[in-house]
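S.K.: Here it is, the structure, as structure tokens.
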Amino acid sequence: MARTRSENYDDIARGILTTACGLFARQGYMRASIADLADACKLSRGALYHYFDSKEAILFAILDAHIREMIADVEAAMAGKASTLEQFRAAIQAVVELNARSSDEQRVILNDLSFLGEAEQDAIKALERQLVDMISDLLIRLDKEGKIVKRTKKIYSMMLFGILNFSHTWYDPKGGIDPREFADMVVDLFLYGFTMPLPAKDAAKPQRQRA
């Protein structure tokens with residue numbers, strides 16, 4: 001007879017994922033045992049398996065939820081923005097803001113994706129491609145010089161995501177640069193370069209104090 005779900009089943013499942021994500025980020029997926037997970041979640045192993053079939057299922061759920069949240073955040077941020085540049089800024093801000101509050105998820109997806117089975121890896125990579133394609137489409141629409149062609153599309157896209165995806169290793173969102181300002185810096189640097197003058201709209205912004 002199937003076991004009925006408790007009223008707080010979803011809350012407990014989310015708590016397991018949050019705790020497991022922190023454990024994987026600190027210890028690494030392979031070094032974290034089911035016993036470690038059960039102890040961290042204050043559950044028995046049997047109770048843990050009531051929510052997830054395996055440690056791999058927990059890893060997949062963490063990564064799947066993270067990428068889906070990022071896609072949803074980007075889509076919501078872009079909605080209602082009139083120009084392509086506004087959509088691009090909003091999309092990058094959404095990515096930066098999610099990464100700033102999800103550093104554990106970023107560490108896990110960059111370090112532990114390869115420990116999933118082939119089918120699960122393919123599912124996560126398909127979601128990642130969906131996100132990259134959304135941003136790449138904006139870059140192509142912003143490209144007035146024809147720099148992005150079939151040969152260079154992936155290079156430009158992944159250079160941008162290289163800035164975004166590895167910022168968790170050094171960027172402190174509680175420091176002097178908040179996520180929104182950091183996102184604007186990424187957009188301006190990527191689109192206009194460091195020494196190029198900004199467009200009139202951006203150049204009119206108050207100049208920040210030099211370091």
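S.K.: Name every residue in the stretch 74-91 that is of a type outside the set (Val, Ile, Thr) and assigned to a helix (DSSP H, G or I), in order of residue number.
M.R.: Step one: of the stretch 74-91, the residues of a type outside the set (Val, Ile, Thr) are 75-83, 85-91.
Result: 75, 76, 77, 78, 85, 86, 87, 88, 89, 90, 91.
S.K.: Name the single residue that is nearest to residue 84 (Cα to Cα) among those in the stretch 121-172 being among the hydroxyl-bearing types (Ser, Thr, Tyr) and touching a residue at least 12 places away in the same chain (Cβ under 8 Å). Spell out how you get there, then give the answer.
M.R.: Of the residues in the stretch 121-172, the ones among the hydroxyl-bearing types (Ser, Thr, Tyr) are 136, 152, 156-157, 167, 169, 171.
Right, trim to touching a residue at least 12 places away in the same chain (Cβ under 8 Å) and you get 136, 156-157, 167, 171.
Values: 136: 12, 156: 17, 157: 16, 167: 24, 171: 27 Å.
For the stretch 121-172, the residue satisfying everything is 136.
S.K.: Moving on to the next point. Could you please give the count of residues in the stretch 31-73 that are among the small types (Gly, Ala, Ser) and assigned to a helix (DSSP H, G or I)?
M.R.: Total satisfying the criteria: 9.
S.K.: Out of the residues in the stretch 123-170 that are part of a loop (DSSP other than H, G, I, E, B) and touching a Phe, Trp or Tyr at 6+ places or on another chain (Cβ under 9 Å), which is farthest from residue 67 (Cα to Cα)?
M.R.: Out of the qualifying residues, it is 147.
A short reminder: the numbers here are calculations on the coordinates, not readings from a lab. If you're wondering where the values come from, they're calculated on a predicted model, not measured in any experiment. Positions of Cβ are backbone-derived with ideal geometry, glycine not excepted, and every protein chain shown enters the neighbour counts.
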